[in-house]
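Enquirer: Below are the C-alpha cells for one structure; questions will follow.
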Amino acid sequence: MIESYHAVLNAKALGFQVTIFAQVGLSSQSDADLRAFEAKALEWPLVRECHLITGEADFFLKIVARDWDEYQYFHATHLSTLPIVESIKSKLVMRTTKQQPGVPVDLVAIEA
C-alpha cells in the first residue's frame, strides 16, 4: 500500500515563492492527444502535479515557480506553445491553509 517515502521541503526557503493552479483545455480529447500532453507535463520540472479532469478543462496542473515572472516565462515558452492547448486559466495561490498528502487512513481504521 505504501507507494513512496519523501521529505516535505519548505518551498519558500528554497526560493519558490509562488504556486499556481492552471486549468488547461485542449482542442482535442483523443486518447493520443491526452497522452501527448501528459508526456509533456512529465518533462516540465515546474509542474508538480498533473491531473486529467472532467468539466470545462481537461487538465489541472499545480505549478511551483520562484516568482510570477518565472511562471509567465514558462507559460509563454512551454505551456501555451503546444498546438493542442486551446485555453489556460491560471490561479495564483494567495495562501495555503491546509496541505496534507496521502489519503485519510485514520478514517479507514474508524470504519473498519
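Bear in mind that the values in this text are calculations on the coordinates, not laboratory data. Here the structure is a predicted model, which is why all the values come from computation and not from measurement. No Cβ is skipped: glycine too gets one built from the backbone with ideal geometry, and neighbour counts run over all protein chains shown.
Enquirer: Which residues, counting only those in the range 52-81, are among the polar types (S, T, N, Q) and surrounded by 12 or more Cβ atoms within 10 Å (Cβ to Cβ)? It would help to see each step written out before you state the result.
Expert: So the first thing to find is which residues in the range 52-81 are among the polar types (S, T, N, Q), and the list is 54, 72, 77, 80-81.
Passing the criteria: Gln72, Ser80.
Enquirer: Please identify the pairs in which a residue from the range 58-76 that is farther than 14 Å from Lys12 by Cβ has its Cβ atom under 6 Å from the Cβ atom of a residue that is not in a strand (DSSP E or B), counting only partners at least 6 apart or on another chain.
Expert: Going by the 6 Å Cβ cut-off, the qualifying pairs are Phe60/Ile53; Ile63/Leu46; Phe74/Leu46.
Enquirer: Only one of Val24, Val85, Val18 is closer than 27 Å to Ala7 by Cα and of a type outside the set (Gly, Ala, Ser); which? Working first, answer last.
Expert: Values: Val24 fails: closer than 27 Å to Ala7 by Cα; Val85 fails: closer than 27 Å to Ala7 by Cα.
The conditions single out Val18.
Enquirer: Another question, then. Considering only residues that are farther than 19 Å from His51 by Cα and either surrounded by 13 or more Cβ atoms within 10 Å (Cβ to Cβ) or aliphatic (A, V, I, L, M) (or both), which ones fall in the range 1-39?
Expert: Listed by number, the residues that qualify are Met1, Ile2, Ala7, Val8, Leu9, Ala11, Ala13, Leu14, Phe16, Gln17, Val18.
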